[in-house]
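Only the coordinates and a few stated rules stand behind these numbers; no lab work does. If you're wondering where the values come from, they're calculated on a predicted model, not measured in any experiment. When we count neighbours, we look across all protein chains shown, and the Cβ atoms used for this are built from the backbone with ideal geometry, even at glycine.
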Amino acid sequence: MNLLDGKLISSQIKEEIADAVSEMKKSGKKVPHLAAMIVGTEGASETYVAHKVKACGQVGFESTLVRMDAGVSEEALLAKIEEINNNDDIDGLIVQLPLPSHISEEKVVAAISYKKDVDGFHPINVGRLFIDQPCYVSATPNGIVELIKRYNIETSGKHCVVLGRSNIVGKPMALLMARKGYPGDATVTVCHSRTKDIKAVCRTADILIVAMGRSEFVTADMVKEGAVVIDVGITRVKSEKTKSGWKLLGDVKYDEVAPKCSYITPVPGGVGPMTIVSLLNNTLKAARKELYD
Ligand code: NAP
């Protein structure tokens with residue numbers, strides 16, 4: 001069994017990005033600038049945004065954290081997004097989801113300029129991914145593809161089973177694995193809560209990508225010998241063994257599944273760090289205007 005070490009690979013990629021930023025500075029260009037908006041003070045969102053802002057600092061990006069009160073009106077939030085869209089100094093804009101229920105996430109995502117949509121959630125970027133045109137790709141599936149590339153994992157002709165069909169992970173993941181070229185050219189099956197005999201489907205997977213949010217759902221009897229298993233799931237559960245009183249569990253029962261795998265991601269330290277570097281990579285692309293003018 002080999003570990004798909006997202007922590008290690010992400011630190012290598014951060015060094016590459018930091019080098020690129022140094023080059024930009026040397027040639028007199030402005031450094032990439034990410035704006036992150038957070039509405040309210042929900043615990044997990046605070047942590048995710050803090051990680052993103054910290055990562056910007058580590059690679060030499062500028063970042064701006066825009067905090068808005070949980071009671072902010074949709075109109076005021078949309079106006080702030082418009083202001084950032086028109087600010088030439090800011091290259092990328094993300095709005096941390098979920099939002100309070102009185103605000104339409106759909107409207108907010110659509111209001112972000114697709115040229116600054118480094119989360120890859122805007123309908124234009126999603127549509128361009130569908131027809132295989134250059135676009136910002138959602139950070140988590142993009143990070144997984146990068147991990148597959150860095151470990152030279154063969155994907156052509158393989159059966160890839162994706163558990164989960166969310167807009168930000170499952171669906172884009174399936175598209176990326178099915179597209180022409182490497183990594184891709186896989187035969188893809190997408191499973192969800194209505195899939196019949198999910199265990200039998202999983203057992204046919206050469207590559208199993210799990211994004212369900214159901215801790216330790218995938219057990220050893222669901223995994224083919226030699227499979228590649230990528231665990232996206234993160235569930236925080238109480239633990240008496242840790243100082244914090246919490247621990248993170250993936251969607252895969254790691255201890256029993258790992259011995260059967262050719263490659264597997266750990267949780268934490270697998271997909272999570274790759275998600276953050278994908279966001280940084282998208283912001284670098286935005287600053288360089290690689291995709292759009
Ligand atoms: P989501 O929007 O809740 O989607 C979950 C998907 O799993 C849905 O398609 C759902 O099916 C399916 N599902 C749930 N229970 C199932 C069951 N018992 N059998 C079959 N299918 C089932 O979740 P998400 O946003 O994609 O996130 C998934 C997990 O990844 C979460 O733990 C999240 O925290 C984690 N995550 C991690 C990162 C990272 O950076 N590591 C990034 C994003 C998300 P239906 O569509 O039929 O309801």
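Considering all alpha-carbon pairs of region 183-236, what whole percent are spaced by more than 14 angstrom?
Summing the P(r) tail past 14 Å for region 183-236 gives 55 percent.
Just rank His33, His192, His102, fewest to most, by other beta-carbon atoms within 10 angstrom. Provide the component values of the computation, followed by the final result.
Values: His33 20, His192 13, His102 10.
Ascending Cβ contact count within 10 Å gives the list His102, His192, His33.
With 30 Å as the limit, write out which pairs from Lys158/Lys247; Lys29/Lys116; Lys7/Lys158; Lys54/Lys243; Lys107/Lys285 have Cα-Cα distances beyond it, or answer none. Can you show the working numbers first?
Working: Lys158/Lys247 33 Å; Lys29/Lys116 18 Å; Lys7/Lys158 26 Å; Lys54/Lys243 23 Å; Lys107/Lys285 25 Å.
Flagged as over cut-off: Lys158/Lys247.
Counting other C-beta atoms within 10 Å, and keeping those with at most 15, which DSSP coil GluC sites (Glu not before Pro) do you find in region 1-89?
Numbers: sites: Glu15, Glu16, Glu23, Glu42, Glu46, Glu62, Glu74, Glu75, Glu82, Glu83; in loops: Glu42.
Filter output for region 1-89: Glu42.
Please list the non-local residues whose amide H lies under 5 Å from the amide H of Gly40, H modeled 1.01 Å from N, same-chain partners needing a gap of 5 or more.
Here the answer is Met68, Asp69, Ala70, since their amide H atoms fall under 5 Å of that of Gly40.
Once each part is reduced to its C-alpha centroid, what is the distance from region 217-293 to region 140-155 in angstrom?
One Cα centre to the other: 12 Å.
Quick one: which residues, 5 or more positions from Ala205 or on another chain, have an amide H under 5 Å from its amide H? H modelled 1.01 Å from N in the peptide plane, none for Pro or chain starts.
Lys224
Could you give log10 I(q)/I(0) at q = 0.14 Å⁻¹ for the chain, computed by the Debye formula over C-alpha point scatterers of equal weight, without solvent?
Debye intensities relative to I(0), on a log10 scale: -1.08.
State the answer as a single residue: which of Met24, Gly213, Ile198 lies farthest towards the positive end of the charge dipole of the chain, with beta carbon charges of +1 for Lys and Arg and -1 for Asp and Glu, about the Cα centre.
Ile198
Within the set of other residues whose C-beta is less than 9 Å from the C-beta of Arg203, count the net charge using Lys and Arg as +1 and Asp and Glu as -1. Intermediate values should be presented prior to the final figure.
Values: positive: Lys199, Lys224; negative: Asp221.
Once positives and negatives cancel, what remains is +1.
Based only on other Cβ atoms within 10 Å, what is the fewest-to-most ordering of Leu99, Leu175? Intermediate values should be presented prior to the final figure.
Working: Leu99 24, Leu175 21.
In order of increasing Cβ crowding within 10 Å: Leu175, Leu99.
If you take every DSSP beta bridge fully contained in the chain, what fraction is antiparallel? Give it as a percent rounded to 5. Walk me through the numbers before you get to the answer.
Values: 4 of 33 bridges.
Percent antiparallel among DSSP bridges in the chain is about 10.
Quick test of the membrane-span-like rule: which DSSP H helices of the chain reach at least 27 Å along their long axis (C-alpha atoms) with mean Kyte hydropathy at least -0.5? Intermediate results must be reported in sequence, preceding the final value.
Working: long enough: 6-26 (30 Å, -0.42).
Taking the DSSP H segments of the chain (at least 27 Å long, mean hydropathy at least -0.5), we get 6-26.
In the neighborhood of Thr235, defined by Cβ-to-Cβ distances under 13 Å, what is the net charge if each Lys or Arg adds +1 and each Asp or Glu adds -1? Write out the running numbers ahead of the final one.
Numbers: positive: Arg214, Arg236, Lys238, Lys247, Lys253; negative: Glu216, Asp231, Asp251.
Overall, the nearby charge balance is +2.
If you average the sequence gap of Cα pairs under 8 Å that are 6 or more apart and divide by the length of region 113-238, what percent do you get for the contact order?
Working: 209 pairs, mean separation 25.5, N = 126.
It rounds to 20 percent for region 113-238.
Taking the square root of 5 times each eigenvalue of the Cα gyration tensor, what semi-axes in Å does the equivalent ellipsoid of region 150-228 have, largest first? Walk me through the numbers on the way to the answer.
Details: eigenvalues 74, 46, 24 Å².
Over the Cα atoms of region 150-228, the ellipsoid semi-axes are 19, 15, 11 Å.
Sum -39500 (n - 2.57) across every DSSP H segment of at least 4 residues in the chain, then divide by the residue count to get the 222 nm mean residue ellipticity, nearest 500.
Numbers: 10 runs with 113 residues, N = 293.
Value at 222 nm, helices only: -12000 deg cm²/dmol.
Which value results when the Cα radius of gyration for region 59-189 is divided by 2.2 N^0.38 Å?
Taking N as the residue count of region 59-189, the ratio is 1.20.
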